[in-house]
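To keep things clear, I will list the structure first and then write my remarks on it.
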Amino acid sequence: TIKQIGIEQPFVRILIAADGTTNFESLATQDVTAAAEPEEITPQPEAAEPLRVRIGSTAVIDGNVDFSDQALPLPFRVMISEFGGKISAVDSASQQTSALDFKGRVGEYGQTTIKGDISLLAPTEKTDVQVDFKNLSMPTLSPYTAEFVGRKIKSGKLNLALDYQLDNNKIVGAN
C-alpha cells in the first residue's frame, strides 16, 4: 500500500497520427502467441495470488502536455502548461473507478479542466471523462474548425465542452 504519489513537472506527449492511431497504442503489450514454443515443457508451480497494489492518491504538479492531431485536414497542436490535479485511489483488487480532477493553462489566456472517472487498470473497459476548454484562441484551433468551415479563422475565442465515455472498448463522445 502506498499512501500518496506526487509527480512534479511531468511531460506527456499525446499524438493522433494521420491514420487515427495514437502514440499510446504502442504501450500495449505485444502478442506473445508469435513467440517460439519451448522445446521441452516443464511443469509449472501452482500460481500464486496476484500482487495487490493500492495507491491512496496521485498528485500531478506543474506538468506540461503536448497534444497533436495529425488526422485533421490541417495539423493541430496545443500545449497545456501548469497542468496539475489529482487521481483518487487505485486498488488492483477493486473494480471501482478512480476520480480525475485536473486543470491547466492553454496558450496565454486559455484554461482547461479534466474531470471524470476512469478504470486505470483497464481504461478501455470503463471511462467517463469531461474535458472543458475556456477562452481558447481560435487561430490556434483553426485546423479543427477548418474541417467544418472550410478555411482558417483569423481571430476569436472558443469555449468547448467535451464528454467521452468508454465502455467495453466502445467510445461514445459528445461536445
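Figures for the structure shown
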read-out: Residue count for the stretch 1-28, restricted to those that are among the acidic types (Asp, Glu), modelled with pLDDT of 70 or more and outside any strand (DSSP E or B); value: 1
read-out: Selected residue (criterion: modelled with the lowest pLDDT) from residues of the stretch 41-94 that are of a type in the set (A, V, I, L, M), open to solvent by 60 Å² or more (accessible area, probe 1.4 Å) and farther than 25 Å from Gly110 by Cα; value: Ile41
read-out: Any hit, the stretch 140-148, residues being of a type in the set (Phe, Trp, Tyr) and either open to solvent by 70 Å² or more (accessible area, probe 1.4 Å) or at pLDDT below 75 (or both); value: yes
read-out: Close pairs from the stretch 48-66: first closer than 25 Å to Thr112 by Cα, partner in a strand (DSSP E or B) and of a type in the set (Asp, Glu), Cβ under 6 Å, at least 6 apart; value: Ile61/Glu8
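The values are calculated or read from the model by the stated rules, or taken from the named source; none is laboratory data. All of these numbers come straight from a predicted model, not from anything done at the bench. All Cβ positions, even for glycine, are placed from backbone atoms using ideal geometry, and neighbour counts span all protein chains on display. Side chains included, ligands, DNA and RNA excluded: accessible areas come from the protein's heavy atoms. Shrake-Rupley method; radii C 1.70, N 1.55, O 1.52, S 1.80 Å.
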